[in-house]
1. Could you please rank His180, His89, placing first whichever residue has the fewest other Cβ atoms within 10 Å of its Cβ?
2. Round to the nearest 10 and give me the degree value, 0 to 90, for the angle of helix 107-121's Cα axis relative to the longest principal axis of the chain.
3. Give the range of the longest stretch in the chain that excludes all trypsin sites (Lys or Arg not before Pro) found in loop regions by DSSP and having at most 11 other beta-carbon atoms within 10 Å.
4. Which shape class, rounded, prolate or oblate, goes with segment 101-165 when its Cα gyration tensor gives a ≥ b ≥ c as root eigenvalues, a/c under 1.5 marks rounded, and past that a/b bigger than b/c marks prolate?
5. Give the order of Cys40, Cys102 when sorted by the count of other beta carbons within 10 angstrom, beginning with the fewest.
6. Principal axis lengths of segment 21-85 from Cα atoms, whole Å, largest first?
7. In degrees between 0 and 90, to the nearest 10, how far off the longest principal axis of the chain does helix 92-102 point, with axes built from Cα atoms?
8. Where does helix 136-148 land angle-wise versus the long Cα axis of the chain, in degrees 0 to 90, nearest 10?
Amino acid sequence: MAEIVIENLRKEFGDFTAVQSSSFRIEDGEFFMLLGPSGCGKTTTLRMIAGLELPSSGQIYIDGEEVARKPASERDIAFVFQMFALYPHMNVRRNMSYPLVCQGMPRARVRAKVAEVAAILGIEDILDKPVGGLSGGDRQRVALGRAIVREPKAFMMDEPLGALDAEFREHMAEELRALHDRMGATTVYVTHDQLEAMQMGDKIVVMNHGVIEQFGTPQDIYDKPATRFVADFIGSPPMNFLSFQGAIAPGDQAVRMQGVDLGVPRAQAGFQGEMLFGIRPEHVRFDDGGAWRGRVLASEYLGTTQIVTLDSAAGPIKLRAPSDQRVAPGETVGLNFDARTVTLFDGSSGRALVSELNAGVLDHG
Ligand code: ATP
């Protein structure tokens, strides 16, 4: 069990900065996701926490102790990689016992500990089997078991499900989360898959080019994206963005887009210039009386819902609607939305123009 605090953590490789200046707090027992596209610095951040990479500057506190320059062996953290390396010549029991035997734990205690962890993972029946013939899922459970028996302070996981096919991946994600809930150990988990992060995480850090774009709960990140990047990265299809020149009047905080009063309540008063009107596809609805008109270009059937692509005077837009609301390509329809579901962004910096920006958002300069 551990609380992990990261302060101004930075990593340079030569003159390339992989992690800019990260600060965030991981609460004891949290399932914490580092999310972002390939190359954004997730793995480098995780490796610095685990002690496998030396930071260029900044601090890492584990339970209040500053460990940034301590070797991995003194941090009591287990690292679980995507490619689980098991000892092929040993059976499951010996693979799981190995870290404890190396610590000099007496045999009887090793046996009891391995049995306890095997029961948590539901792999008691394969303890005496060679690892060579195991399925991918069982290999994964054994590798997790080998990490768990040590009872480390925290687990670091780098895309542990990345090599699995989609269906099994979803199953293992549920299993991992349930396991975490039973054990309550702090877990830091790297993924580029936004669905995995939303499904499993208590908190998410969204990274881009070595910078933290946002830090918060899955709901915060989905409902109140701090930047255009986050709004675009999270959600499928992503948020719609319509560019317009506008101003937010100081008094009534009303926003006018092409003469239509948006009246967005969270908007930041006083801003003037290019803005992006951001709305998620599920927050746009068909409304015969709507002042906003769109021409249907295409409709993608997804079972209970459909994604409709439209062209409107304000720009192209995607809408998610129940699939029984039939529309035909070429048809012109009225559209509407609830102003509370709109996020406005500064068109040049991409930052959300809301009065309550999430804590943890760093300055993009
Ligand atoms: P991925 O999922 O592709 O691994 P990531 O977000 O985990 O992406 P990192 O592995 O942290 O990204 O890498 C961040 C950047 O730092 C990348 O541009 C990578 O090429 C670079 N990088 C990582 N390790 C080194 C290294 N040892 N030497 C030089 N550059 C490195």
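1. Details: His180 19, His89 10.
Fewest-to-most Cβ neighbours within 10 Å comes out as His89, His180.
2. Roughly 30 degrees between the two axes.
3. Numbers: sites that count: Arg69, Arg326.
It works out to 70-325.
4. Numbers: a/c = 2.22, a/b = 1.32, b/c = 1.68.
Here segment 101-165 falls in the oblate category.
5. Working: Cys40 23, Cys102 9.
Ranking Cys40, Cys102 by Cβ neighbours within 10 Å, fewest first, gives Cys102, Cys40.
6. Largest first, segment 21-85 extends 30, 30, 26 Å along its Cα principal axes.
7. Value to nearest ten degrees: 70.
8. That works out to roughly 70 degrees.
None of the figures in this text is laboratory data; all of them are computed from the coordinates on show. Keep in mind that what you see is a predicted model, and the values were worked out from it rather than measured. Every residue, glycine as well, gets a Cβ built from its backbone with ideal geometry; the counts of neighbours run over all protein chains shown.
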